[in-house]
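Novice: Handing you a structure now.
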Amino acid sequence: MLKGKNIVIGITGGIAVYKSCDIVSRLKKLNANVNVIMTKSAAEFVAPLTFQSLSQNYVVVDMFEEPKTWDIEHISLAQKADLFLIAPATANIIGKIANGLADDMLSTTVMATKAPVLIAPAMNTNMYENIIVKSNIDKLRELGYKFVDPEEGRLACGDVGKGKLASPEVIVDSIVKILTTERDLEGKNILITAGPTVEKIDPVRYITNRSTGKMGYAIATEAVKRGAKVTLVSGPTKLDKPTGLEKFIPIESAKQMYDAVIENMNEQDVIIKSAAVADYKPKHIADRKIKKTDDDLVIELDRNKDILKELGEIKKDKILVGFAAETNDLIENAKKKIEKKNLDFIVANDLLQEGAGFGVDTNIVKIIDKNGNIENYPKMTKTEISNIILDKIKLLLEK
């Protein structure tokens, strides 16, 4: 699968170094050529000889050790890399890269490479959540560096929280996706909406829904990988902004989402409406907190504009994709939505099914096209479903 691909792995000092042995082994089984650079701290946890045996290449540790070839070593490795992985990545190496520091072989080689850099952090929870570390990670994401987020659990120090190095399986899967993804949507403009909308009642309270934005963000991430120019219009979420976006537009209310979509629709080839937009908003927004009384509270609601319906009326030759999250009569309601809103196809899911819907990394969907054809998919990750959606869009674009 990775035959002919050159992967340089940077290993920094942390207890998670032992997992990097498994990463190297897995990559070799996929026929990748692997070179390892270790910091001196990493070599205190696992001997370089271990990685030399697994990778079948000599391991570089000391920037000033006697060279094994006549190449300038850090330049040679930087140039040959199809992908540069740092796993585990400490707060120290993340800070160095974010601030352009190069004082050892690993940081020097990262500075010299033009290959995609994938960083897998591993550290104490408090360190990972430190505002400086977060700022460095955000900065690198903005610059196009890719991350495999750490997992939650019991850490070596005894703390429980987020900071464990992602599993070797997840890291290797990320490498495979980066190196094998075809840029088949190169030059296409895609607008995606994601997350919930928020409708204010007063300065404290609001109406919203349980959407986390995971589906829309997954589609945006995969579309960027496949070469599309992506505009993401997002309601409030706790997700990291995908890297490589053409434009990111944060909104709160349905009105703000409507304005952002209409303003940016003309240059789009495809519009994917995965956001959970509030159908109603309070007719009057109180400018002060509404105080509790002994009486019931009645809030009068007005309808929000139906963004998807209006897009269907003016889309012309654009591809328009909608979502239907239902708790009953899924197919019937989804088909009505296709017709009423002039969609090319709709992605429908039953919120009552375990592993589908809001707040999880999986979904169970049916994709229904405007001719009534239905395709059923089992429980899959939202990333896998994203690529199925994009594959269908690609076919429509080719037609």
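Matching residues to (1) over 15 Å from V270 (Cβ atoms); (2) modelled with pLDDT of 95 or more; (3) surrounded by 15 or more Cβ atoms within 10 Å (Cβ to Cβ):
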residue: E310; (1), (2), (3): yes, yes, yes
residue: E313; (1), (2), (3): yes, yes, no
residue: K318; (1), (2), (3): no, yes, yes
residue: N328; (1), (2), (3): yes, no, no
residue: F345; (1), (2), (3): no, yes, yes
residue: N349; (1), (2), (3): yes, no, yes
residue: E354; (1), (2), (3): yes, no, no
residue: N363; (1), (2), (3): yes, no, yes
residue: E375; (1), (2), (3): yes, yes, no
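Novice: Quick test of your reading of the structure: M1 fulfils all but one of (1) outside the structural domain of K146 (by TED's automatic domain parsing); (2) closer than 25 Å to D138 by Cα. Name the failing condition by number.
Specialist: Against the list (1) outside the structural domain of K146 (by TED's automatic domain parsing); (2) closer than 25 Å to D138 by Cα, M1 comes up short only on (2).
Novice: Check off (1) out of contact with any Gly (no Cβ under 6 Å at 6 or more places or on another chain); (2) in a loop (DSSP other than H, G, I, E, B) for I385 and give me the number that stays unchecked.
Specialist: (2)
Novice: Given the criterion in the same structural domain as K162 (by TED's automatic domain parsing), within 20 Å of V170 (Cα to Cα) and among the small types (G, A, S), identify the matching residue among A32, A43, A47.
Specialist: Step by step, each of A32, A43, A47 is checked, and only A32 is in the same structural domain as K162 (by TED's automatic domain parsing), within 20 Å of V170 (Cα to Cα) and among the small types (G, A, S).
Novice: Hey, among D259, D296, which residue is under 23 Å from P203 (Cα atoms), in the same structural domain as V204 (by TED's automatic domain parsing) and part of a loop (DSSP other than H, G, I, E, B)?
Specialist: D296
Novice: Still on this structure, I have one more. Run down G322, G355 and say which single residue is under 24 Å from the mean Cα position of the chain (by Cα), assigned by TED's automatic domain parsing to the domain that holds N209, not aromatic (F, W, Y) and not in a strand (DSSP E or B).
Specialist: On the way: G322 fails: not in a strand (DSSP E or B).
Unique residue meeting the criteria: G355.
Novice: Name the pairs whose Cβ atoms lie under 7 Å apart, with the first residue in segment 371-399 and under 15 Å from G355 (Cα atoms), the second assigned to a helix (DSSP H, G or I), and 6 or more positions between them or separate chains?
Specialist: From segment 371-399, the pairs are Y377/I385; Y377/I388; K382/K214; K382/M215; K382/A218; T383/A218; T383/E222.
Novice: Next up: Pick from segment 1-20 the residues that are surrounded by fewer than 17 Cβ atoms within 10 Å (Cβ to Cβ) and closer than 19 Å to I119 by Cβ: which of them is modelled with the lowest pLDDT?
Specialist: Here the residue is I15.
Novice: Among the residues of segment 177-191, what is the count of those that are modelled with pLDDT of 90 or more, exposed (fewer than 12 other Cβ atoms within 10 Å of the Cβ) and not small (G, A, S)?
Specialist: 1
Novice: Considering each of A47, A42 in turn, give the residue that is without any contact (Cβ under 8 Å) to a residue 40 or more places away in the chain, crowded, with 20+ Cβ neighbours inside 10 Å and more than 24 Å from the chain's Cα centre (by Cα).
Specialist: Of A47, A42, the one residue that is without any contact (Cβ under 8 Å) to a residue 40 or more places away in the chain, crowded, with 20+ Cβ neighbours inside 10 Å and more than 24 Å from the chain's Cα centre (by Cα) is A42.
Novice: With the requirement that a residue be touching a residue at least 40 places away in the same chain (Cβ under 8 Å) and assigned to a helix (DSSP H, G or I), what does segment 331-345 give you?
Specialist: I331
Novice: Let me ask another. Do any helices (runs of 4 or more DSSP H) lying entirely in segment 76-176 carry at least 3 residues that are surrounded by 15 or more Cβ atoms within 10 Å (Cβ to Cβ) and not polar (S, T, N, Q), and which ones are they?
Specialist: Working: elements: 91-98, 105-112, 125-128, 131-142.
Per the criteria, 91-98, 105-112, 131-142.
Novice: Then there's this: With the condition kept exactly as written, say whether any residue in segment 371-383 is among the β-branched types (V, I, T) and in contact with a Lys or Arg (Cβ under 6 Å, 6 or more places away or on another chain).
Specialist: yes
Novice: OK, next. Report yes if K273 is touching a helix residue (DSSP H, G or I) at 6+ places or on another chain (Cβ under 8 Å), buried (at least 16 other Cβ atoms within 10 Å of the Cβ), in contact (Cβ under 8 Å) with a residue 24 or more places away in the chain and more than 25 Å from I389 (Cβ to Cβ), otherwise no. Give the derivation first.
Specialist: On the way: touching a helix residue (DSSP H, G or I) at 6+ places or on another chain (Cβ under 8 Å): yes; buried (at least 16 other Cβ atoms within 10 Å of the Cβ): yes; in contact (Cβ under 8 Å) with a residue 24 or more places away in the chain: yes; more than 25 Å from I389 (Cβ to Cβ): no.
No.
Novice: Of all residues being surrounded by fewer than 23 Cβ atoms within 10 Å (Cβ to Cβ) and modelled with pLDDT of 95 or more in segment 215-244, which is nearest to T362 (Cα to Cα)? Just the residue, please.
Specialist: Per the criteria, the residue is T237.
Novice: Considering only residues that are among the hydrophobic types (A, V, I, L, M, F, W, C), in contact with a strand residue (DSSP E or B) (Cβ under 7 Å, 6 or more places away or on another chain) and part of a helix (DSSP H, G or I), which ones fall in segment 16-39?
Specialist: Result: V17, I23, V24, L27.
The values are calculated or read from the model by the stated rules, or taken from the named source; none is laboratory data. The structure displayed is predicted, hence computed values, not measured ones. Please note: Cβ atoms are built from the backbone with ideal geometry, for glycine as well, and neighbour counts cover all protein chains shown.
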